[in-house]
Amino acid sequence: MGEVLFDGVQILMFENDLTIGGIDYYGSDSGGDPGAYFDDVCFGPGWELSLTNCENFDALTVGGLVADQLGSPWNTWSGTSADDATVSDMYSNSPDNSFVVDAGTVDLIYEFGAAPIATGQWLYSNYIYVPTGYSGYFNVQTDPVPGVAWNLDLYFDDGGDGHFDGQSTETFTYAQDTWIFVQIDYDLDAGFGQVLFDGVLVLEFVNELTIGGIDYYGADSGGDPGAYYDDVCFGPGWVITGIEDEGAIAENNTTLFPNPATDRVTIRSNNIIDEVLIYNNMGQLVFSGPVNDDQIMVNTSTYVTGMYIVQVRTGTAVEVRKLIIE
């Protein structure tokens, strides 16, 4: 596999069947008079590319419909365009488009696969933007066919309050008028799930159900629906070794420095670190490794600028931290 990013935004993922040997900077005039400048050229170890499926909606026509333009794995509850979501350029996390769920008739479905998933570790992520005066809602379905059962519901009410439903009924707060990075990790083998907002763990729950897809619905229970979604991804997740209470998590006291970082970051814990995983903002694993020490230094010189999620496992406890690369 190969991947191309501009300013940290993935613009291309492709199948690569060839070797690599070098770079050729050539004064080609096919696009106009050549005159480009190049700086800060680097080459070194990269990251593992998974078959993560991501969609940023930037190639879609604004004002058009999401499932109508993308097709499978995007669908609607009814199977028709009557409840499809609209592509918008009003707000976007990665330029220039997102989609908006702004009415009860919107019921967009993102299918994880052809059948319910019952094993393995899987990570779903999206960015959500809820303007003041509006609310947002989406849920995890147990089956790619909508309506079989609900795994977990997320309600973002107008005013900054929110709550979960389904396998958890915990509450949370969030900031309106800003993009929030939502990650839902399922360890289906262990029977656990986690939800993170901007890299901060907000929920751990026991999961007894399969997963099949996401339902973006214009629920009005928390106010007028009007949430925007961008950079939706689904792919390999991480192992959850157990659900820890807040005291156990805080006791490990994992720190990252410097943060923001450039060429390297040191990860330190009060306990022996067993494993470190680092994910980029598209949910892709860019670093993994056993440690068996209370600290590790990771070379980040080849990382693109942006936000990363660092998962640190110490014994049975798992901590998650947000890392910024400048």
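Look through 143, 153, 102 and report the one residue that is charged (D, E, K, R) and in contact with an Asp or Glu (Cβ under 6 Å, 6 or more places away or on another chain).
Selected residue: 153, the only one of 143, 153, 102 that is charged (D, E, K, R) and in contact with an Asp or Glu (Cβ under 6 Å, 6 or more places away or on another chain).
Test each condition in (1) farther than 30 Å from residue 145 by Cα; (2) at pLDDT below 90; (3) of a type in the set (A, V, I, L, M, F, W, C) for residue 240 and report the one that comes out false.
Here residue 240 meets the rest and fails (1).
I'm checking my understanding of the structure. Among residues of segment 146-159 that are within 20 Å of residue 191 (Cα to Cα) and in a loop (DSSP other than H, G, I, E, B), which one is nearest to the chain's Cα centre (by Cα)?
Among those residues, the one meeting the criterion is 149.
How many residues, within segment 133-156, are crowded, with 19+ Cβ neighbours inside 10 Å and either in contact with a helix residue (DSSP H, G or I) (Cβ under 6 Å, 6 or more places away or on another chain) or aliphatic (A, V, I, L, M) (or both)?
3
Residue by residue through segment 160-172, note down the ones that are outside any strand (DSSP E or B) and open to solvent by 60 Å² or more (accessible area, probe 1.4 Å).
169, 170
Residue under question is residue 58, and the condition is that it be more than 17 Å from residue 215 (Cβ to Cβ) and open to solvent by 40 Å² or more (accessible area, probe 1.4 Å); does it hold?
yes
Determine whether segment 120-132 contains at least one residue that is open to solvent by 30 Å² or more (accessible area, probe 1.4 Å), closer than 26 Å to residue 309 by Cβ and of a type in the set (S, T, N, Q).
Yes, segment 120-132 contains at least one residue that is open to solvent by 30 Å² or more (accessible area, probe 1.4 Å), closer than 26 Å to residue 309 by Cβ and of a type in the set (S, T, N, Q).
Filter segment 277-321 down to the residues that are in a loop (DSSP other than H, G, I, E, B), open to solvent by 10 Å² or more (accessible area, probe 1.4 Å) and β-branched (Val, Ile, Thr) and list them by number.
302, 304, 305, 316
Look at residue 38 and say whether it is touching a Phe, Trp or Tyr at 6+ places or on another chain (Cβ under 9 Å), over 26 Å from residue 220 (Cα atoms), modelled with pLDDT of 95 or more and assigned to a loop (DSSP other than H, G, I, E, B).
yes
Condition check: acidic (Asp, Glu) and modelled with pLDDT of 95 or more. Does residue 96 satisfy that?
Judged against the criteria, residue 96 is not a match.
So in segment 94-115, with the set limited to residues that are part of a strand (DSSP E or B) and among the charged types (D, E, K, R), which one is surrounded by the fewest Cβ atoms within 10 Å (Cβ to Cβ)?
111
The values are calculated or read from the model by the stated rules, or taken from the named source; none is laboratory data. These figures come from a predicted structure and were not determined experimentally. As a convention, Cβ positions derive from the backbone with ideal geometry for all residues, glycine included, and neighbour counts pool all protein chains shown. Surface areas here come from the heavy atoms of the whole protein model, side chains and all, with no ligands, DNA or RNA. Shrake-Rupley method; radii C 1.70, N 1.55, O 1.52, S 1.80 Å.
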